[in-house]
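Single-structure report; data block below.
The values are calculated or read from the model by the stated rules, or taken from the named source; none is laboratory data. Since we're looking at a predicted model, the values are computed, not measured. Heads up, the Cβs are rebuilt from the backbone with ideal geometry, glycines too, and the neighbour counts pull from every protein chain shown. Side chains included, ligands, DNA and RNA excluded: accessible areas come from the protein's heavy atoms. Shrake-Rupley method; radii C 1.70, N 1.55, O 1.52, S 1.80 Å.
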Amino acid sequence: MNIQDNISDAKNQLPDLPTTPPKLKRQSSPNDLKERLDWGEPALTIIDIRDREEFHQGRIMGAIHMPMDNLVEMAKSNLEYSRDIYIYGDSNEQTAQAANRLREAGFQNVAELQGGLPAWKAIDGSAEGVREARVEPGSTATNLAARAKDAAKK
């Protein structure tokens with residue numbers, strides 16, 4: 001068997017993988033977004049429209065903050081109109097309202113992320129922020145030897 005035969009055999013054993021990312025859906029589940037991110041799709045933007053404090057406490061990893069009051073102006077000055085955008089807020093209603101504002105402003109590919117941050121975290125989606133990084137100290141918080149022993153058990 002020569003090298004070309006080995007390559008051909010290896011190719012035949014590979015699964016059929018999609019060559020394009022999953023399509024953007026007008027109303028998307030967290031799994032839809034996760035599938036796009038897992039595929040390695042860099043050409044999308046995640047927008048969090050919640051208030052600044054909520055955004056700082058916790059958000060989808062990589063989301064940018066564009067509050068509802070300034071959403072259209074910020075999007076126009078920072079994003080291409082053909083960019084794939086996933087948007088979420090405090091509720092599906094607020095998310096739909098924000099998505100409609102962007103669509104009316106000319107943005108072509110806007111997906112409403114259903115369930116927002118809680119739904120994203122429910123599927124173990126990556127999150128960041130103050131609340132997400134918080135680690136509650138246990139009884140061994142100041143005892144380094146006990147903490148090392150606990151870590152070794154885990």
Note: probe point = Cα of residue 52 + 7 Å toward Cβ; backbone nitrogen < 18 Å; residues of the range 68-85 passing the test are 68-75
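Mind listing which GluC sites (Glu not before Pro) in the range 22-108 are in a DSSP loop and have 15 or fewer other Cβ atoms within 10 Å?
For GluC sites (Glu not before Pro) across the range 22-108 that sit outside H, G, I, E and B with at most 15 neighbouring Cβ atoms in 10 Å, the list reads 80.
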Of 86, 81, ordered by accessible area with the largest first and a 1.4 Å probe, the sequence is 81, 86
Here, residue 13 and residue 74, labelled 7 Å along Cα→Cβ, have an inter-label distance in nm of 5.0
Heavy-atom accessible area of the range 39-88 with neighbours in place, 1.4 angstrom probe: carbon+sulfur share in percent works out to 49
For residue 23, counting only aspartates and glutamates whose alpha-carbon sits under 14 Å away and dropping same-chain residues fewer than eight positions off, the answer is 32, 35, 38, 41, 84, 112
With every protein chain in place, the accessible area of residue 25 for a 1.4 Å probe, in Å² rounded to the nearest 10, comes to 100
Note on the range 38-135: the mean projected area of its alpha-carbon convex hull, in nm², is 6.2
Taking Rh as the Kirkwood radius computed over alpha-carbon pairs of the range 57-109 and applying Stokes-Einstein at 4 °C with viscosity 1.567 mPa s, one gets a diffusion coefficient in µm² s⁻¹ of 113
